[in-house]
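Encoded as structure tokens, the structure appears first; notes follow it.
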Amino acid sequence: MVLFSLICLFAFKAEHTPYNEYYQSSLSRFSTEQEKLLLNIKDADLTTPAGIGVVKTGIKQARLKLKAIDFWLRYLEPVVYKKINGPLPVEWENEVFEKFEKPYKRLGAGLSLAELYLNNKGSDLQKDSLLQLIRISQNALNTYTADSVTSQLKTPDHFFLCNRLYLLNLAAIYTTGFECPDNGNIIPELKVMMQDVRKIYASFGQSFPGAKLSDDYLELYARAMTFVNVQPDDFEQFDHFTFLKEYVNPLFAINQRLIRQYNVISVSFNDYTLNNSCNSIFDKSLYTPQNSMGIYSLIEDTAVLSEIRAVGKLLFYDPLLSGNNSRTCVSCHKSKEYFTDTAMATSFNFDHIHFLPRNTPSLVNVIYNHLLMLDGRHISLQNQAKDVMTNPAEMGGKKEDIMDKILSCKEYKTAFRKFLKYTPEEKEITFDHIASAITYYYKDFSGYYSPFDDAMNQNRPLSPDARKGFNLFMSKAQCATCHYVPQFNGVPPPYIGSEFEVIGVPADISYSKLSEDSGRYKINTAYETMNAFRTGNLRNLEYTKPYMHNGVFTTLDQVIDFYDAGGGTGKKLSVPNQSLSTDSLKLTATEKKELLSFLHSLNEAVIFENPPGSLPVSSRKELNSRRVGGDY
Amino acid sequence: MRKIIAATLVLSILVLSRCKTHEKVVYNMPAGSNKEEKKAFLEKMAKGAELYKANCSGCHGIFTKGLDSIPNFTHEQVDNYSSGFLRGDQKNHAVVIKMSNDQFFSIMGFLTARIVDTTVHQNYHPPKPAVQFN
């Protein structure tokens, strides 16, 4: 009996910590707002502006209560969260896990979509559709009271991981309007959210005195709140740069320290790419990039690795990888041009007469994409390399033929025989040995930093124009809703998936028609993916012209004008599924100049290498007339 | 001294007999495979086995229960371990040694397709194929 009561006592205790109670009560406060909103919609006369106004106010109230629990919701069940406050009605594959599966469809619902529906539907407004969006979000909220979720609240580990995602979202999403259709609410919501999260911190501190947030964290967080509270409510006037540099990034560093100190273990599929030893959002070790080592992944011997790199470099410049012994990787990925081709919109076809359909992407920072090629057709760097070598339109080689030619060179053969010893699972030299050496070589060029990174990481000064440009980038120019901090590519926190967007790129500079390239649709035939391309990385933009998937724009001014006009639709092209806002950004000439100044601050101090002086000698004499880097 | 020699002899016979059974590993081959597919499948299995020997059998090897010196992992174990690998669990050995996806799934494929003598391991239920090869 005594034992029984003791068990009851402990069970009771575990369920009723201040932290758990605060979680439950915050959830029910949001639930109440959802219920109120439903009643609001039922009663409202949606044919009048006043009726719509009442519903909008209800959405606004509900959003504030949602922001109070966003901290938990986004981390604990990210997929369900899309039903509560999804940014898009339909989303296709996001997480890298799904690389192992076919893309699948996710339907969004909730507050943001309800608000967009109200804004965009005009006279077609259907009350039932609106009610449905909220009902789905009501049902979704039940997930968060399930044992599988609440059991995680019993130990402190999840808290620091939720907090890490919260801080990353503060850096990349919460201040940009990513899931907030009414720009006027972004900063007011932020102010409320930061206060509510402090209440979460307080209740956590009471319940887990052994794993507290440190004093330096809480003190800095309080200062961050003070900073935000005196900032203007207009997100265009908000100082994003200072907020990120002085507050969010240092808070992230402390939270990372605490994750290590308390030996926090994640059981989530949500943050597996995040690196616990990284101390800055702008450190390139923030998330695990593509595996550049491929078949050599298990090798630790640095001497062997540098030999592999050296062989990879030779292969990168060696025309033996092509069908006609005239083309190389460097034919398109020019080593002195940030591994892209700045002279041509799209490179030559293998036949040296026609042109390829797409612009050559720079290999610098390509490893930070989870899906490769502009349509995301590959999941590993090695498969991408193999595809290009054997693609009849690109390098036109055949696997066996390439292998024979490479192994006819004594230098390669000796090297690969040595590497074979380090890959005991393979009985002979494979195509993977070749592809992996190449990817291992070029990954080094992604390890450099820009003046903007130096400002964030090392407190180096950044020009006032670049700072203003960054603030525009994060707000009025709406760049950061797709090009996420810190890589400024299409990988949003928690950095596990690559995104695709439909922006309506024209076929030519006169905007006579839309580019006919169907993009992601080639891989996943869905309405939403027609003409969609993987969001580009904005680093080194100044040196990686021309721009867009077809290289249609040769200057950044043209690119900015395109976005300023509202993409393809804004330029009067028919792009029914455009995911970019079709409204004009109304940027002034000065603002465009500042934006450019920020973009230039993302130029990395990459140190490029000279090509090899010569290539390995082949036993087949006819192959020895080949040239380093090929002919075209 | 004789005792030592005898013991060594018995031990080597034991070890040798284990090695012998190891060569006879049979696999649960996908139904309806043609000759080439079978060959490719067996190559993948051999690759998985080699990687297992090099990276796992140090701990999960000869001193554990399996007759062919590789333990009989259950479906749940293979699944959990794969999930740990995918979410980057820092306690997962394959994550620690930075194994590539290809290498990891070769091993899991091998462990999944391998048929174990269930007359010896009566409580053993072979894992259902959970891992798809690309």
message = Return the pair list, or none, for Cβ contacts closer than 9 Å from residues in region A:69-88 that are more than 22 Å from A:Tyr117 (Cβ to Cβ) to residues that are of a type in the set (Lys, Arg), at least 6 apart or on different chains.
response = A:Ile69/A:Arg29; A:Tyr75/A:Arg164
request  = Assess whether A:Ala480 counts as being modelled with pLDDT of 95 or more and either within 18 Å of the chain's Cα centre (by Cα) or buried (at least 23 other Cβ atoms within 10 Å of the Cβ) (or both).
outcome  = yes
key: Among (1) more than 11 Å from chain A (Cβ to nearest Cβ); (2) at pLDDT 90 or above; (3) over 21 Å from A:Ile496 (Cα atoms) - the single one B:His60 does not satisfy   = (2)
message = So, A:Tyr262, is that one at pLDDT 95 or above, touching an Asp or Glu at 6+ places or on another chain (Cβ under 8 Å) and farther than 16 Å from A:Met193 by Cα or not?
response = yes
message = Pairs please, first residue from region B:86-100 and at the interface with another protein chain (Cβ under 8 Å from one of its Cβ atoms) and touching a residue at least 12 places away in the same chain (Cβ under 8 Å), second anywhere and in a loop (DSSP other than H, G, I, E, B) and polar (S, T, N, Q), Cβ atoms under 6 Å, 6+ apart in sequence or on different chains.
response = B:Met99/A:Ser297
query = Given region A:129-214, what helices (runs of 4 or more DSSP H) lie entirely inside it while holding 2 or more residues that are more than 18 Å from A:Ile84 (Cβ to Cβ) and of a type in the set (S, T, N, Q)?
reply = A:186-207
inquiry  = Is it the case, given these coordinates, that A:Asp454 is without any contact (Cβ under 8 Å) to a residue 40 or more places away in the chain, surrounded by fewer than 23 Cβ atoms within 10 Å (Cβ to Cβ) and part of a helix (DSSP H, G or I)?
reply    = yes
task = May I ask you to verify whether A:Asp564 is closer than 19 Å to A:Val505 by Cα, acidic (Asp, Glu) and surrounded by 15 or more Cβ atoms within 10 Å (Cβ to Cβ)?
result = yes
query = Restricting attention to region A:424-441, and to residues there that are part of a helix (DSSP H, G or I) and of a type in the set (S, T, N, Q), which single residue is surrounded by the fewest Cβ atoms within 10 Å (Cβ to Cβ)?
reply = A:Thr439
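Residue by residue, here is whether (1) in the same structural domain as A:Leu314 (by TED's automatic domain parsing); (2) at pLDDT below 95; (3) not basic (Lys, Arg) holds:
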residue: A:Phe355; (1), (2), (3): yes, no, yes
residue: A:Arg358; (1), (2), (3): yes, no, no
residue: A:Leu363; (1), (2), (3): yes, no, yes
residue: A:Ile379; (1), (2), (3): yes, yes, yes
residue: A:Gln384; (1), (2), (3): yes, no, yes
residue: A:Met395; (1), (2), (3): yes, no, yes
residue: A:Ile402; (1), (2), (3): yes, no, yes
residue: A:Cys409; (1), (2), (3): yes, no, yes
residue: A:Ala415; (1), (2), (3): yes, no, yes
request  = Scan region A:254-300 residue by residue and report those that are at the interface with chain B (Cβ under 8 Å from one of its Cβ atoms) and on the phi > 0 side of the Ramachandran plot.
outcome  = A:Gly294
task = Working only within region A:161-189, note down all residues that are in contact with a Gly (Cβ under 6 Å, 6 or more places away or on another chain) and either among the aliphatic types (A, V, I, L, M) or not assigned by TED's automatic domain parsing to the domain that holds A:Phe241 (or both).
result = A:Ile186
key: Cβ pairs under 9 Å, 6+ apart, first in region A:365-390 and in contact (Cβ under 8 Å) with a residue 12 or more places away in the chain and acidic (Asp, Glu), second in a helix (DSSP H, G or I) and surrounded by 23 or more Cβ atoms within 10 Å (Cβ to Cβ)   = A:Asp375/A:Arg520; A:Asp375/A:Thr529
query = All but one of (1) out of contact with any strand residue (DSSP E or B) (no Cβ under 8 Å at 6 or more places or on another chain); (2) in a loop (DSSP other than H, G, I, E, B) hold for A:Asp561; which doesn't?
reply = (2)
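Yes/no per residue for (1) in a helix (DSSP H, G or I); (2) farther than 14 Å from A:Leu141 by Cβ; (3) at pLDDT 95 or above; (4) of a type in the set (S, T, N, Q):
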residue: A:Tyr19; (1), (2), (3), (4): yes, yes, yes, no
residue: A:Arg29; (1), (2), (3), (4): yes, no, yes, no
residue: A:Gln34; (1), (2), (3), (4): yes, no, yes, yes
residue: A:Asp45; (1), (2), (3), (4): no, yes, no, no
residue: A:Glu91; (1), (2), (3), (4): no, yes, no, no
ask   = Name the residues in region A:519-544 that are under 19 Å from A:Ala507 (Cβ atoms), surrounded by fewer than 22 Cβ atoms within 10 Å (Cβ to Cβ) and either touching a helix residue (DSSP H, G or I) at 6+ places or on another chain (Cβ under 6 Å) or at pLDDT 95 or above (or both), would you?
value = A:Tyr521, A:Met530
Search result, residues across region A:308-344 that are over 23 Å from A:Ser446 (Cα atoms) and among the small types (Gly, Ala, Ser) = A:Ser322, A:Gly323, A:Ser326
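The values are calculated or read from the model by the stated rules, or taken from the named source; none is laboratory data. Just so it is clear, the model here is predicted, and its values are computed rather than measured. When we count neighbours, we look across all protein chains shown, and the Cβ atoms used for this are built from the backbone with ideal geometry, even at glycine.
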